[in-house]
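One structure is given below, encoded as structure tokens.
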Amino acid sequence: MREIPGRTVPVNGRRVYVEESGQGSDWVVFEAGQGCGRTCWDPVLPLLADRARLVAYDRAGFGRSGRTTAQLSIDDMAADLVAMVEEVVPGRFVLVAHSMGGLVARRAAESLASRLRGLLLVDPTPETAPVYDTWDQTVRKLDRALAVVRPLTAIRPMARLVTGNVRRLFPADTYATMLAEDFTPAGISQTRREMKAVVAAIPEFRHRPPRIPRCPTILLSAARPAKGRERQHADIREHQRRFADSLPEGWFEDADSAHFIQAERPRLVADRTRRLLDHGS
């Protein structure tokens, strides 16, 4: 398994595990998507190590962070991100967020506004898309499936079987760490709690959207839909585009990739992160 030095940081009565790498005077912070932790950024980090100090972490309940049985909201996760940044990162930085992490990052940006040099949203969740009108029903079905999967992940061969799609995307040492830390009964339980957090956040974000980020923002949209989800995917991309177009300094860009752009197109993610660092110099 991968072995990168890290440390535990207290946040709001919880603990998160943080890894710092790279070198330089600039800083980049990474926020993972639902069900993922710091390791999902492994393909990108080496490509930026010569440009900036890089901070990747596990949200409370994932990976090496302290376990929690509490039902954290997206606002709670955003508050933890803010607290972690205040402890770890001096000065201004670029924030990179994937999928559900985009909701966390956008809410956190309200508190971090003066410190953000740029925001890179990697196939983020657009709460306004019609597919999320009935997301509670979708999540109930997914939750029932995960309830069945959860005990199976205690058996390593079964855990490998049900996570084959992830195994194909990430380096072997990264996947081995994911298997040991995230694809476990405790990790699946936390994923189920995060799904419920997104369900609760959709109407909240629609009713009270986060303030528009004033920093340069790039939105990378996955251009390859999952089979059978072409219509929903088109709606999601359209609402991602509308969000980017609503920003004073927003750019929308297609990525020839499925949802895990950081795994399939790590050089694209690294290049756009560099662009935001250079723009804010």
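A short reminder: the numbers here are calculations on the coordinates, not readings from a lab. As the structure is a prediction and not an experimental result, all values here were calculated from the model. Note: ideal-geometry Cβ built from the backbone for every residue, glycine included; neighbour counts use all protein chains shown.
May I ask for the distance between the Cα centers of the stretch 199-215 and the stretch 28-94, given as a whole number of Å?
Using only Cα atoms to place each centre, the spacing works out to 20 Å.
Apply 1/(1 + (r/R0)^6) to the Cβ-Cβ distance of ARG160 and THR138, taking R0 = 25 Å, and write down the FRET efficiency to the nearest 0.05. List each step's numbers first, then the result.
Values: r = 26 Å, r/R0 = 1.04.
That gives a FRET efficiency of 0.45.
Test of understanding: express the Cα radius of gyration of the stretch 6-279 as a ratio to 2.2 N^0.38 Å, with N the residue count. Before the final figure, lay out the partial values.
On the way: Rg = 17.3 Å, N = 274, 2.2 N^0.38 = 18.6 Å.
Here the answer is 0.93, to two decimals.
Report the calculated FRET efficiency for ARG229 and ALA172 (r = Cβ-Cβ distance, R0 = 30 Å), to the nearest 0.05.
Details: r = 29 Å, r/R0 = 0.95.
Between ARG229 and ALA172 the formula returns 0.55.
How much net charge surrounds LEU47 when only other residues with a Cβ under 14 Å from its Cβ are counted (Lys, Arg +1; Asp, Glu -1)?
On the way: positive: ARG51, ARG265, ARG267, ARG272, ARG274, ARG275; negative: ASP42, ASP50, GLU264, ASP271.
My count for the surroundings of LEU47 gives +2.
Give, rounded to the nearest 20 debye, the magnitude of the charge dipole that the stretch 64-177 has about its Cα centre when Lys and Arg contribute +1 at Cβ and Asp and Glu contribute -1 at Cβ. Before the final figure, lay out the partial values.
Working: 15 positive and 12 negative charges, 122 e Å.
With Lys and Arg at +1 and Asp and Glu at -1, about 580 debye.
Please give the calculated 222 nm ellipticity per residue for the chain, where each DSSP H segment of at least 4 residues contributes -39500 (n - 2.57) and the sum is spread over every residue; nearest 500 deg cm²/dmol?
Dividing the helical sum by the residues of the chain leaves -14000 deg cm²/dmol.
Go through the chain and flag any cysteine with no other cysteine's C-beta closer than 4.7 Å, please.
So, CYS215.
Please state the relative contact order of the stretch 1-139 as a whole percent: Cα pairs under 8 Å, 6+ residues apart? List each step's numbers first, then the result.
Values: 249 pairs, mean separation 33.4, N = 139.
Relative contact order for the stretch 1-139 comes out at 24 percent.
Antiparallel DSSP bridges in the chain: what percent, to the nearest 5? Kindly include the intermediate steps, with their values, before the conclusion.
Working: 12 of 36 bridges.
If I count the DSSP bridges inside the chain, around 35 percent turn out antiparallel.
How big is the charge dipole of the chain about its Cα centre, in debye rounded to the nearest 20, if each Lys and Arg gets +1 on its Cβ and each Asp and Glu gets -1 on its Cβ?
Details: 42 positive and 35 negative charges, 114 e Å.
Dipole magnitude for the chain comes out near 540 debye.
For every other residue with a beta carbon closer than 10 angstrom to the beta carbon of GLU127, add +1 if it is Lys or Arg and -1 if Asp or Glu, then tell me the sum.
Details: positive: ARG106, ARG206; negative: GLU204.
The answer is +1.
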